[in-house]
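Undergrad: This is the structure I have questions about; it appears just below.
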Amino acid sequence: MFVKYWPQQIRGNITGTAIGILPGAGADIAAWVSYAMSRKFSKTPEKFGTGHVEGIIESTSSNNAALAGAWVPALVFGIPGDSITAIVIGVLYLKGLNPGPTLFLNNPESIYAIFFIFIAANIAMIPLGLMAVKAGTSLLRVPHRILMPIILMFCVVGAFAVNNSVYGILVMLGFGVLGFLMEEHDVPIAPCVLGIVLGKMLEESFVTSMIKSDGNLLGFFERPIAGALGGVTLLVLLMPALMWMYRRSRLAAA
């Protein structure tokens, strides 16, 4: 499986790690981004949405890599990358440890202990994952008329539990209907989900950057790291158009 789909796994790992390093982004966003990228680069994009193995492998790899990447801002800067690392930072403070650069200088043994736990956890996940796969396949045998109401019930409970408000349930149902209509008319759902999740964060960060740079858009490219990230972002945005132009030129030449 790795030999056949190694580009999807490597691309998913790189994307997931990069997104996981961003504070607050999370594994879900990484999975959606990788799924969209996998569909763009796939030779059979029409199979996506039907359980195509390429999309599953790349999004899952990205999801797992983002969980690891979230530890970078947590340990280096003391900024939680997701909800899990936020809890871990609280535990470290309770233990008298201060997450950040000083943690590597004053308590290197703790860092090595965390690294060792990571390695042990990944090794332990191999048998646990195999058992979970066998247990998960049994869900595929459950009829849809039984499985779908159960999933809907958990969706309603989760939407209500966010703010203990019925309004959350109405929003969930509204976007569920919207997603169904988009699916029926072949409108991509992933960009919509990313826009809803990242929209507020993107606007706040953009306004903050504009204030710091006095409205100069080139401020995103002035520093080496910012310039590299900006270049990668532009490359990702332009890559589908470039690939389309390349394929069109090859077809015209043939």
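Undergrad: How many residues are part of a helix (DSSP H, G or I) and either in contact with a strand residue (DSSP E or B) (Cβ under 6 Å, 6 or more places away or on another chain) or surrounded by fewer than 11 Cβ atoms within 10 Å (Cβ to Cβ) (or both) when one looks only at region 200-215? So that I can check it myself, show each step before the final result.
TA: Narrowing region 200-215 to residues part of a helix (DSSP H, G or I): 200-212.
Those left that are additionally either in contact with a strand residue (DSSP E or B) (Cβ under 6 Å, 6 or more places away or on another chain) or surrounded by fewer than 11 Cβ atoms within 10 Å (Cβ to Cβ) (or both): 200, 203-204, 207-208, 211-212.
Matching residues across region 200-215 total 7.
Undergrad: Could you tell me whether residue 213 is closer than 28 Å to residue 46 by Cβ and over 24 Å from the mean Cα position of the chain (by Cα)?
TA: Numbers: closer than 28 Å to residue 46 by Cβ: no; over 24 Å from the mean Cα position of the chain (by Cα): yes.
The answer is no for residue 213.
Undergrad: While we're here: Picking from 50, 44, 85, which residue would you name as being crowded, with 17+ Cβ neighbours inside 10 Å, among the β-branched types (Val, Ile, Thr) and out of contact with any strand residue (DSSP E or B) (no Cβ under 9 Å at 6 or more places or on another chain)? Show your work before the answer.
TA: Details: 50 fails: crowded, with 17+ Cβ neighbours inside 10 Å; 44 fails: crowded, with 17+ Cβ neighbours inside 10 Å.
Checking each option against the conditions leaves just 85.
Undergrad: Filter region 75-129 down to the residues that are under 22 Å from residue 26 (Cα atoms) and of a type in the set (S, T, N, Q), then identify the one that is modelled with the lowest pLDDT.
TA: Checking each candidate, the answer is 83.
Undergrad: Considering only region 59-95, state which residues are more than 30 Å from residue 35 (Cα to Cα) and either among the aromatic types (Phe, Trp, Tyr) or not assigned by the TED database to the domain that holds residue 37 (or both).
TA: Hit for region 59-95 is 93, nothing else.
Undergrad: Say whether the condition of being at pLDDT below 80, surrounded by fewer than 23 Cβ atoms within 10 Å (Cβ to Cβ) and of a type in the set (Gly, Ala, Ser) is met by at least one residue in region 9-24.
TA: Here is the first cut: in region 9-24, the ones at pLDDT below 80 are 22-24.
Going one step further and asking which of them are surrounded by fewer than 23 Cβ atoms within 10 Å (Cβ to Cβ), we end up with 22-24.
Narrowing the set further to residues that are of a type in the set (Gly, Ala, Ser) leaves 24.
Scanning region 9-24, I find at least one residue that is at pLDDT below 80, surrounded by fewer than 23 Cβ atoms within 10 Å (Cβ to Cβ) and of a type in the set (Gly, Ala, Ser), so the answer is yes.
Undergrad: Tally time: how many residues in region 156-175 are farther than 27 Å from residue 22 by Cβ and surrounded by 13 or more Cβ atoms within 10 Å (Cβ to Cβ)?
TA: Qualifying residue count for the region: 4.
Undergrad: How many residues, within region 159-186, are acidic (Asp, Glu) and either assigned by the TED database to the domain that holds residue 47 or in a loop (DSSP other than H, G, I, E, B) (or both)?
TA: To start, the set of residues in region 159-186 that are acidic (Asp, Glu) comprises 183-184, 186.
Filter again for either assigned by the TED database to the domain that holds residue 47 or in a loop (DSSP other than H, G, I, E, B) (or both), leaving 186.
So the count comes out to 1.
Undergrad: Within 27 Å of residue 188 (Cα to Cα), of a type outside the set (D, E, K, R), surrounded by 15 or more Cβ atoms within 10 Å (Cβ to Cβ) and in contact with a helix residue (DSSP H, G or I) (Cβ under 9 Å, 6 or more places away or on another chain): is that true of residue 55 in this structure?
TA: Details: within 27 Å of residue 188 (Cα to Cα): yes; of a type outside the set (D, E, K, R): yes; surrounded by 15 or more Cβ atoms within 10 Å (Cβ to Cβ): yes; in contact with a helix residue (DSSP H, G or I) (Cβ under 9 Å, 6 or more places away or on another chain): yes.
Spelling it out, residue 55 is indeed within 27 Å of residue 188 (Cα to Cα), of a type outside the set (D, E, K, R), surrounded by 15 or more Cβ atoms within 10 Å (Cβ to Cβ) and in contact with a helix residue (DSSP H, G or I) (Cβ under 9 Å, 6 or more places away or on another chain).
Undergrad: On the basis of being outside the structural domain of residue 72 (by the TED database), surrounded by 10 or more Cβ atoms within 10 Å (Cβ to Cβ) and not acidic (Asp, Glu), does residue 126 make the cut?
TA: Values: outside the structural domain of residue 72 (by the TED database): yes; surrounded by 10 or more Cβ atoms within 10 Å (Cβ to Cβ): no; not acidic (Asp, Glu): yes.
So residue 126 fails the test.
Undergrad: Going residue by residue through region 216-239, is there one that turns out to be over 20 Å from the mean Cα position of the chain (by Cα), surrounded by 10 or more Cβ atoms within 10 Å (Cβ to Cβ) and within 23 Å of residue 48 (Cα to Cα)?
TA: Yes, region 216-239 contains at least one residue that is over 20 Å from the mean Cα position of the chain (by Cα), surrounded by 10 or more Cβ atoms within 10 Å (Cβ to Cβ) and within 23 Å of residue 48 (Cα to Cα).
Undergrad: Among the listed residues 196, 189, identify the single one that is modelled with pLDDT under 85, surrounded by 13 or more Cβ atoms within 10 Å (Cβ to Cβ) and outside the structural domain of residue 34 (by the TED database). I'd like the intermediate steps shown before the answer.
TA: Numbers: 196 fails: surrounded by 13 or more Cβ atoms within 10 Å (Cβ to Cβ).
From the options 196, 189, the qualifying one is 189.
The values are calculated or read from the model by the stated rules, or taken from the named source; none is laboratory data. Please read these numbers as outputs of a predicted model, since none were measured by experiment. All Cβ positions, even for glycine, are placed from backbone atoms using ideal geometry, and neighbour counts span all protein chains on display.
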